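K.L.:
My structure is below; once you've seen it, I'll send some questions.
The values are calculated or read from the model by the stated rules, or taken from the named source; none is laboratory data. Since the structure is predicted, the reported quantities are computational estimates derived from the model, not experimental observations. Neighbour counts run over all protein chains shown; Cβ positions are idealised from the backbone, glycine included.
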Amino acid sequence: MKLRSCLAFLFFLILFAGVFSPPARAADEVYLKGVPAKLNAGSVVSGPKNKVQKAGMVFLETGRGVRQTASGKKRSFLVIHPILSIIPPLVAILFALLFRQVILSLLMGVLLGVWITAGYRVLPAVLNTLSRVIPDSLASHDHISIIIFSVLLGGMVGIISANGGTPAIVDLVLPRIRSRRGAQLACWFLGCAIFFDDYANTLIVGNTMRPITDRYRVSREKLSFFVDATAAPVASMAIISTWIGFEVGVLTDVFHSRGIAMDGYSAFLFSIPYLFYPIFTVIFGFLLSVSGRDFGPMLKAERRAVRYNLLLSENASPAAMETKMGEPSRPALAFIPILAVIFVTLWGILYTGYSGQWALRAIFAKSDSFAALIWGSAAGCFTAAVLSLFARRLTVSGVLDSWLDGIKSMMMAVLILTLAWSLSRVCTDLKTADFILSVVSTRMPMWAIPLLTFLVAAAMSFATGTSWGTMAITYPLLVPVVIGTPYLYPTIAAVLSGAVFGDHCSPISDTTIMSSMASACDHVDHVRTQIPYALTTAAAALVLGYLLLDLRIPAVLIYAIGAAGMWLVLRFVGKKIPDTVPAGGDTKMEMPDTGAAGQG
């Protein structure tokens, strides 16, 4: 019924647009009314009149026009109301949460955004989506690298599942994990241990821990939360990681452009005590695992898993298919390929980042992390294949078949990622981030800038689904405002914290999608159950961190108070979940036909 309603709405939306939209062709560029547009590369030769022009910044009226570039080339542009720039991501997010059809919701958001950029015409919108937006999104080097890394790692997981390595790890670890609490703690510790990259963290932790958490009836929603809560938060505050290489590069460019002799890495190190959201998220994950309590939608998911041994909700559509499991063999068949991924990835980062000096911060800043991830996942596939053949667990045909099965299991996730990137590109064309930044007034008390920076970065990251893109846009605009003040390091940290928070809550975020994928969890279920927990840690970051910043409370005391507050939330709002659950048994993927099945 929900699917039919979603499709009906999309049909009538397209019908309405096709009947009532004015005749126009697709514009080359889109600008926002009331938001300054940089037209210093050329001049407006026809169209909306300029209201103000200063230093190449032009305020345009709503309508269509043409500008001539310095080379004499004419480019058509469309000036729209700023509210239109946030409608596509909001529609995609709301419909994903309401109708639980993430692919259709993302496609609707993309089509709606391209419909606006195409001059409110249906046919150009459909044609541009198929021929320009989606191919251009896939043509990105970084995006293709993520897809290759993901499918190769999926192929490795398929091999080590078929050769019995994954079941052997389960048999090895299970005697040492005696409760659901132990399984959740193992997830948390492993997530914190793989700190050098969030993508590697997500796929390795999710695929490794899934069979173990399944045995102890930890819901897939809870597993995907632990995966997501220890990926970006841990990588974003580790002193050596691919995240820090990117952030330091952006900060260094900001300082150099302002003629300031300041090192981006040193600025990051001084900002670590103010990374309230990532640190509180890691603390909250630990408290969840040791307390055995949950609240909100996660409580319902955990009760379902414990009472009925149903790891997925009714009508769930996991972002990755289950891989075939062989008979348990030796744990080394799984451990060695995983270690190969980790060590080759680290070697790749060192190899691509080394430029004559062994300063780790410089190496990570200059490294090609995407190339390193591809090399690591390829090494994992090769190692798993060779070990399977030498151990005589699989034939050559068996290796190829299991490798292809693992790759096939990633196809739905690749489709979701592609549409999410397409929507992000549409948001770039519509200048969604520019609109969000335009609502921020610089006439505010200095103490409020870190607080507002956190909120702006969160909103931008939530709407666009990208943490790194948020940092690239926000740092150059907001950091110069606080240079030379005591609020420099808190503002730097607020950008990173807000970007991670928005990324956590956004259904169109690539790391959120990959967390669902690695945990074989329904993507909408993952987002719906994670948001209350993300809001809890964000509230602690806002109130205890950025709101009370002027009180100069020591960071250690802030985190101690925050941990105590989150513990009290779990104690009085959360409900206890039974810790001792019989291990073993088949995993069911459907809800019982009647409620009587849950008695006892």
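K.L.:
How many residues does region 354-368 contain that are assigned to a helix (DSSP H, G or I) and surrounded by fewer than 24 Cβ atoms within 10 Å (Cβ to Cβ)?
P.N.:
Here the count works out to 6.
K.L.:
Taking SER219, is it at negative phi, modelled with pLDDT of 85 or more, among the small types (Gly, Ala, Ser) and buried (at least 24 other Cβ atoms within 10 Å of the Cβ)?
P.N.:
The answer is yes for SER219.
K.L.:
Now a separate question. Which one of the conditions (1) free of Cβ contacts under 8 Å to residues at least 40 places away in the same chain; (2) surrounded by fewer than 23 Cβ atoms within 10 Å (Cβ to Cβ) does MET209 fail to meet, given that it meets all the rest?
P.N.:
Just one mismatch for MET209, condition (2).
K.L.:
Regarding VAL524, is this residue surrounded by fewer than 24 Cβ atoms within 10 Å (Cβ to Cβ) and in contact (Cβ under 8 Å) with a residue 40 or more places away in the chain?
P.N.:
Yes; evaluated as a whole, the condition is true for this residue.
Residues are listed down the side, and each one gets a yes or a no for (1) in a helix (DSSP H, G or I); (2) β-branched (Val, Ile, Thr); (3) assigned by TED's automatic domain parsing to the domain that holds TRP421; (4) surrounded by fewer than 24 Cβ atoms within 10 Å (Cβ to Cβ):
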position	(1), (2), (3), (4)
THR470	yes, yes, yes, no
THR474	yes, yes, yes, no
PRO480	yes, no, yes, yes
PRO490	yes, no, yes, no
LEU496	yes, no, yes, no
THR512	yes, yes, yes, no
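K.L.:
Of (1) in a loop (DSSP other than H, G, I, E, B); (2) under 25 Å from the mean Cα position of the chain (by Cα), ILE374 satisfies all except one. Which?
P.N.:
If we test ILE374 against (1) in a loop (DSSP other than H, G, I, E, B); (2) under 25 Å from the mean Cα position of the chain (by Cα), just (1) comes out false.
K.L.:
A further question on this structure: Do we have THR529 as in contact with a helix residue (DSSP H, G or I) (Cβ under 6 Å, 6 or more places away or on another chain), over 27 Å from VAL573 (Cα atoms) and part of a helix (DSSP H, G or I) here?
P.N.:
no
K.L.:
I would also like to ask the following. State which residue is nearest to PHE246 (Cα to Cα) when the search covers only region 352-365 and only residues that are modelled with pLDDT under 75 and under 25 Å from the mean Cα position of the chain (by Cα).
P.N.:
Among those that are modelled with pLDDT under 75 and under 25 Å from the mean Cα position of the chain (by Cα), it is ALA365.
K.L.:
Among the helices (runs of 4 or more DSSP H) contained in region 137-228, which hold 2 or more residues that are closer than 22 Å to PHE246 by Cβ?
P.N.:
141-162, 180-193, 198-215
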